[in-house]
Each structure stands twice: as structure tokens, then as C-alpha cells.
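Taken together, the values in this text are just the output of simple stated rules run on the coordinates, not laboratory data. What you are looking at is a predicted structure, and each value in this text was computed from that prediction instead of being measured. For neighbour counting, all protein chains shown are included, and Cβ atoms are generated from backbone atoms with ideal geometry for every residue, glycine included.
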Amino acid sequence: MILRLAFRNIVGNGYRSLINVLILAIVLIIMVWMQAMYHSWTRLALIQQTDWEYGKGLLRSKLYDPYDSYTWEDSAVREPEQLKSAIQGGDLVPILISPASIYPKGRMMPAVLRGIPHDQDVLRLPVSGLKAQGKDIIPVLIGQNMAQSSRLEKGDIFSIRIKDSSGVFNALDAEVSDVIHIPAASADMSSVWLDLEALREVKASESLVTYFVMGDARYADHEYENFRHIPKSEYFADFYEMLATERVQQAITYALLIFLAMIAVFDTQALAVFKRRKEIGTLASLGLTKGKISLLFTLEGIHYLLFAAIAGAILGFPLFWYFAQYGFQIPKGYEDFGIQGFTEPIYFVYPMGEIIGLFLLVLCFTALFSWLPTRKITKLSPVDALRGKVD
Amino acid sequence: MKHIALLIAILISIPLAATTPSADTILQEMDKNMITNSSKATTRMVVHSRRASRSMEAISYSMGNEKAFTEYLAPPRERGTKMLKLGNDLWIYDPSSDRTIQISGNMLKQSVMGSDLSYEDMMEETSYTESYSAKILESVTYEGREAWILELEATSENVSYQRRKTWVDKERYVPLYEEWYAKSGKLLKTFTASEYQKISGRWQPMKILFKDELKEGKGTEYIIDSLELDIRIPEHIFSRASLRK
């Protein structure tokens, strides 16, 4: 009976109810959108990094630190004997890194040469075109970001100056065999990809490698001299830290949105208690306990949210569908920051568990803020209520 | 008849051998001129890029090949920028951010103030006799000066430029022009020295043109306005503290 009464009161409240429902619906739509945005961004970044850089794991030279450019020149070490068959079988992709100066269109700029076997299939990098055809000009692959900063285009020939493993200057000519979209920003920015053997020859560093990308996770279970396994938690540590910061901002936004919505709910409920004091007196006179009267008002508040959920689903559907279908376009210029996952449109995936959790959170707050103004009812005598007296 | 021809040949070659020192001697004499114990110089660096030229003034101190300190005096944008080289380490002080940065790793590949020299090039320490063996290719006249062309081959595997060609002034034993080659044989840099003056008993170039041959442009000129050699330089100049002073 109370439920039915609450429903009728809400419907009978007309535009006041409608405003509350709309406010709650907008809050729900924004929260679902934001939750989907963060979820989809995280998912995309993890997929991109895994497909383009991490594979099934990394075995990194103990001397190599990707965040310390001091280490780049001299961190390559010899391939361990025990991994030779895995390398030949393609389960491990050896990558050699070397800083270099490149001369695109007659300008000098620093770059990082990344040697990778042209027949690897662990990473999504399309490197089959890197197989050297002649001895004079080495084919290289660059990402769009690198192409933009170096102003290199497909077919351009440029010089590379490099120091070999003894510190001797060497130079070679390279031709851009392709410019591709590399979603993992760290594999694109300042990077020039070329065939591993070609780089080894120029560097006079036969069988040297900076790190291995694993095509099979079982290689993580063993110890190798000069190499250490980089677990996902370590590889993605920076990204997770950035996410944690974003989560704090997200939580503040949610708190603000919920606070604004709850002001509306609280205000409506407080006004309702004041305006409907004679109704409260009548209900009390008819034998309804104060607890049940409070429940009625609380249920009315919860009804707002339930209606808001339906309205939000209807109003938000085109928006949700659009972002799932066409993705969230990263604003121009953000790609240059090298933020993982910010290199291509983010197609929304809606995490139902997280969305239901958010809905339940808002439900709890709505129930609380619907109930709070009704506390006065517990102090009210039916006679005073019928006389229209509320403290 | 054969004996007479041989005798003539020997007689002709005697004065030649007597006047042409060995390649190693030439390198030693060049080192005597070019390697100084200490120096203080005010210089202008003129970078001739593809579109325009720009000039920077600096005061530099050096102690052998190990220690060097440079402070840029002009233009206003670069004024106060300082560089300190200690052995294999290089620091740069940026007055606008009041920060000292150690130039390392990939940063060493960057150009110094847009010039034809990278920080890596600045770190090069070359003594002709320690790094190279030489052979005389031919005698030529270069820019009006009699010169030998020497081909230099590195004596060890860790010399940055394994092969060089140098045009050496026969009278002064100084390089007039040099070509620095990559291991692959590609010409990387050229060095042209001119306007030599004798300072403290050594011939020193007052004008040097560095040209990165892989880069477009007309190279970078170093013009030495004043130079003092073998002077006493306070040790504190070659300290990191002096960068922020």
C-alpha cells in the first residue's frame, strides 16, 4: 500500500517530480558516460601496449632502463645461449635499441633506432617490409607521430649517424618504407624501426639485444643471466599510477554530481514534509506509524531515482550508442603527449557491474537524502500535524 | 744505362726525403700547436642555417681536453647559458629556468644551439698522435698555402672517427682543412681552419668552420676574437657551482 501511495504521490506531484527526475537522470547519464570512458580508455591502453610492445611479457637487459637515457647506448647484452632455440622459433623477439642522430630533409634530430627481426609475428608491428633488399639503403618504418615531428614521408631517404658498440661513428642511408599508425605512443615517438640484423651490422654488435618480447609466457618462469622479467604490474605501473590520479578526479566529480542531485532531492523532500503536514496528520490519525510515514517519503525519493534511471536510459541511449559506435575522438594535439590509449578513438564499452554499483551508490544516497527531512515526522504529534504545525 | 737512371732517381729523392718529415713527425708537430694546457677565449659562433644566420658570443675556458667551461654572453635570449664539461660529463645551465641539466644519452645527439656540432661532438677529445697513424698522400696548394694531405687511420677501435683526411700547412704544421669519415666511408664532418696567428709560440686558428655534411646549410663558424694560452685558470671555474653563479 505504501509503495502504491508513494507512486501516486510522485505522479501527482507533477512538474516538481519531473524536475527531480530530470536532474537525477542527467547525473546518472554523466556518471555512466564517465565510467564507460575510463573503463574503455583503460581497456584500450592495455590492449594497445600488449599488442604493440609488451606481448606476453618482457625480458629486459638488467642494464636497460627505458626512463634513463644514460642506459640506452650501452645496455645491450649478448643473447643467452639457453634462449637461442626460442629466438629461432620466434617465441622470443629480440629488440636492440640504439640512440642515433637522424637527418630528415637536411635537419639533424635525435632518434632511437629499434632493431626488430623482420619475420617476427609476436607484436602487431608490420615489419616484414624491413628486410633489406640491397646493401646501400636500409628500409625503415616509422609511426605517424614520428613522421609528423621529423616531417618524413613514405619513400623519403635520409641519413642516420650512429655510434657503434666501440663508440665509433657510423652512418647509413635509410628509406622510409612505410608510415603507420602505432597506437602505443612509446613505440612511435622518436622511434625508427629497422631490421635487427641491419642494426647489428651497423653497430658491429652481433647477437646483442636490449630486450626480448615474449610470445609465450613460460619464459618468465626462469632466471637468465643479464636479463630480468618485467611483469605486467611493473610495465604498467606508470599507467596505473596515472589512472589512480584520474580516479581521484573522477571520484571528486561523482561526489559533486551526487551532491547537486541530492540537494534537489533533499529540498523537494523538506518542502514536501512542510507542505503535506496535514496529510501526515491524517495518515497518523488513520493509524500509520511514524516509521511507515517516513518510509513513504523515503520511497517517494527512491521513486525519483527509479524514474530517473528509466529516463536516463531513454535519453542517454543515443549518446551511449554513439560513443560505442563511433568512439570518443581524442582532441587534436593530445596524441603528442604520449598518453597510453590516447592515440586513437576510444570506443565505449559499458561495464555493467561498475554501472550497477554506481547506481546502487546513488540509490543509497537518494534513500538517505529522502529520509533525512522526514526525521521531523517522528517528533510530530498527529494533532499538531492536523493543525498544520511543524517545528 | 740502368745504373745511371737508378743513380739519378736516388739523387733526386735525397733532397725530397730530407725536406719531407715523416707523417708521425707531422702529427707530433700538429699536436704541439693544437693541444694547449689551458686557454681563455672570447668567441663568436655564427650558425649558417638554411634560411638565416645567427650569431652567439661566448667566453670559454679550458684545461687540456678534459675540462671546459663556456658562458654565453649574447644574444639576450642565450645570455647566461653556461656549459661545463668535465671528462665524459657535460652539464648545461639554463638561466630562464634556473636549472642545471646533465646532458646525457639521447640528449647528446642534439645540436648545440642549432649549430653543426652536437653535444656528442663537443665531448670528443683528440690528440693526433694518440689516436691516429698517418700516411702522406700528396702535396698540394690549399688556399695559397703549401700543404700535405694526410690520411689518418685510427690506432684503436674506440676512436670516434676511424678515418680522417687532413690538409696540413707545411710551414706551420697546422690543419687547414679536415674531412671526418664514418666507419662506412660516408663523409660526416668537415673542418676548415683559417686566419692563423701565433700566440704564446703556437699557431692557432682564429676562424674555424665546422660543417656537418649530412645537414643542409653552410656550417657553423667559430670566430675567436681574443685568445690567451697557457694561463692560470682558477680551479673553481670548472665546478658545477660556477654554473649558477
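Numerical summary
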{"quantity": "Kirkwood Rh in Å, taken over all unlike Cα pairs in chain A", "calculated": "25.4"}
{"quantity": "Potential lengthening between residue A:63 and residue A:5 on full extension [0.36 nm per residue; Cα-Cα distance subtracted]", "calculated": "13.6 nm"}
{"quantity": "Mean Cα-pair separation over length for chain B, i.e. relative contact order, pairs under 8 Å, 6 or more apart, %", "calculated": "20"}
{"quantity": "Shielding of B:176-183 by partner chains, average beta-carbon count, 10 Å", "calculated": "3"}
{"quantity": "Residue mean of other protein chain beta carbons inside 10 Å, A:103-112", "calculated": "5"}
{"quantity": "Inter-probe distance in nm under a simple model that places probes 7 Å from Cα toward Cβ, at residue B:236 and residue B:99", "calculated": "2.8"}
{"quantity": "Shielding of B:186-194 by partner chains, average beta-carbon count, 10 Å", "calculated": "2"}
{"quantity": "Set B:135/B:170; A:154/B:211; A:105/B:218; B:170/B:198; A:203/B:85; B:85/B:186 screened for pairs whose C-alpha atoms are more than 23 Å apart", "calculated": "A:154/B:211; A:203/B:85; B:85/B:186"}
{"quantity": "Stretch gain in nm, segment residue B:228-residue B:136, where the contour uses 0.36 nm per residue and the Cα spacing is subtracted", "calculated": "29.9 nm"}
{"quantity": "Simple spin-label estimate for residue B:19 and residue B:186 in nanometres, 7 Å along Cα-Cβ", "calculated": "4.2"}
{"quantity": "In range of the label at residue A:43: residues from the range A:282-316 whose backbone nitrogen is under 20 Å from the point 7 Å along Cα→Cβ", "calculated": "A:313, A:316"}
{"quantity": "Only Lys, Arg (+1) and Asp, Glu (-1) charged, at Cβ; chain A dipole about Cα centre in debye", "calculated": "3280"}
{"quantity": "Fluctuation leader among A:153, A:206, A:241 - chain A, Gaussian network, Cα springs under 10 angstrom", "calculated": "A:241"}
{"quantity": "Per-residue HN-Hα couplings for the range A:157-164 [Karplus 6.51, -1.76, 1.60; θ = phi - 60°; Hz; x = Gly/Pro]", "calculated": "10, 9, 9, 10, 10, 9, 9, 7"}
{"quantity": "Per-selection metrics, the range A:1-136 (Cα): Rg and Dmax in Å", "calculated": "28.3, 88"}
{"quantity": "Charge dipole (debye, nearest 20) of the range B:23-244; +1 at Cβ of Lys and Arg, -1 at Cβ of Asp and Glu", "calculated": "680"}
{"quantity": "Stretch gain in nm, segment residue A:157-residue A:204, where the contour uses 0.36 nm per residue and the Cα spacing is subtracted", "calculated": "14.7 nm"}
{"quantity": "Between 0 and 90°, nearest 10: helix B:2-19 axis offset from chain B longest Cα axis", "calculated": "30"}
{"quantity": "At R0 = 30 Å, FRET efficiency that the Cβ-Cβ distance of residue A:246 and residue A:275 yields, to 0.05", "calculated": "0.10"}
{"quantity": "Length-normalised contact order for chain A - Cα pairs under 8 Å, 6+ apart - percent", "calculated": "25"}
{"quantity": "Dipole of the range B:23-244, positive direction: furthest Cα of B:131, B:80, B:96, with charges on the beta-carbon", "calculated": "B:96"}
{"quantity": "Most mobile listed residue (B:144, B:217, B:114) in chain B, GNM with C-alpha springs under 10 Å", "calculated": "B:144"}
{"quantity": "Positive dipole terminus of the range A:63-225, leading residue within A:219, A:158, A:75 (C-beta point charges)", "calculated": "A:158"}
{"quantity": "FRET E, pair residue A:344, residue B:51, Förster distance 60 Å, beta-carbon r, rounded to 0.05", "calculated": "0.95"}
{"quantity": "Paramagnetic reach from residue A:223 (point 7 Å along Cα→Cβ, amide N under 16 Å) across the range A:78-105", "calculated": "A:82"}
{"quantity": "Most fluctuating residue given options B:68, B:52, B:154, as computed from a GNM of chain B linking Cα atoms under 10 Å", "calculated": "B:52"}
